[in-house]
1. Give the number of residues within region 50-61 that are touching a helix residue (DSSP H, G or I) at 6+ places or on another chain (Cβ under 9 Å) and modelled with pLDDT under 60.
2. How many residues are of a type in the set (A, V, I, L, M) and in contact with a Ser or Thr (Cβ under 6 Å, 6 or more places away or on another chain) if we restrict to region 77-132?
3. Among the residues that make up region 76-87, is at least one of them outside any helix (DSSP H, G or I) and either farther than 15 Å from residue 22 by Cα or at pLDDT below 95 (or both)?
4. With the condition kept exactly as written, say whether any residue in region 130-143 is crowded, with 16+ Cβ neighbours inside 10 Å, hydroxyl-bearing (Ser, Thr, Tyr) and more than 19 Å from residue 9 (Cα to Cα).
5. Residues that are outside any helix (DSSP H, G or I), over 11 Å from the mean Cα position of the chain (by Cα), at pLDDT 85 or above and within 16 Å of residue 130 (Cα to Cα): does region 13-20 have at least one?
6. Take the conditions modelled with pLDDT under 80 and either touching a strand residue (DSSP E or B) at 6+ places or on another chain (Cβ under 7 Å) or surrounded by fewer than 13 Cβ atoms within 10 Å (Cβ to Cβ) (or both) and apply them to residue 35. Does it pass?
Amino acid sequence: MRQVAERKLTRAEFAFVEQKLFNYHISKALIAEYEFQRDALLNRSSEHDGQPRGNKISKPTEITAVQLAMLEEKARNEMFWVKAIEDTLKCLTEEERELVELKYFEGYLTNEGIMLKMAMNKNRFYRLREAVVTKFARRMAII
């Protein structure tokens, strides 16, 4: 049985996956903020008896539902990327995880600094980085 060669990522796809990796911790924070706001809205709506206040007619339950829907839409996209990253991290080798941590999560080392810390040459570093980003791209359904 002949295997079909997987296509390489385009530069734009590669950059997109790397950006998602660089923003992983920001995305997690956005999700946490969504959950906090969701809980606050739900608690606020459970304290409210649904009766109009003042001389305006209000629909607090509907307003809360709309606010929740808007928050959820923002968080849903981030949840997809975070889950894809976390799923892929579980499948990486120790060396691949170290590269991801140093390059994308800690982010203070240059490529040369990562090569020194991981004791690898330039060719090995770039091949490993490409393989790792491709694994994330595959899980993100980019390829």
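The values are calculated or read from the model by the stated rules, or taken from the named source; none is laboratory data. From a predicted model like this one, the values you see are computed outputs, not experimental measurements. Cβ atoms come from the backbone with ideal geometry, glycine included; neighbour counts cover every protein chain shown.
1. Residues that pass the stated criteria total 4.
2. 1
3. No, region 76-87 contains no residue that is outside any helix (DSSP H, G or I) and either farther than 15 Å from residue 22 by Cα or at pLDDT below 95 (or both).
4. no
5. No, there is no match, as no residue in region 13-20 is outside any helix (DSSP H, G or I), over 11 Å from the mean Cα position of the chain (by Cα), at pLDDT 85 or above and within 16 Å of residue 130 (Cα to Cα).
6. no
Quick grid of which residues meet (1) assigned to a helix (DSSP H, G or I); (2) over 16 Å from residue 19 (Cα atoms):
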{"residue": "90", "(1), (2)": "yes, yes"}
{"residue": "98", "(1), (2)": "yes, yes"}
{"residue": "104", "(1), (2)": "yes, no"}
{"residue": "113", "(1), (2)": "yes, yes"}
{"residue": "124", "(1), (2)": "yes, yes"}
{"residue": "130", "(1), (2)": "yes, no"}
{"residue": "134", "(1), (2)": "yes, no"}
{"residue": "137", "(1), (2)": "yes, no"}
{"residue": "141", "(1), (2)": "no, no"}
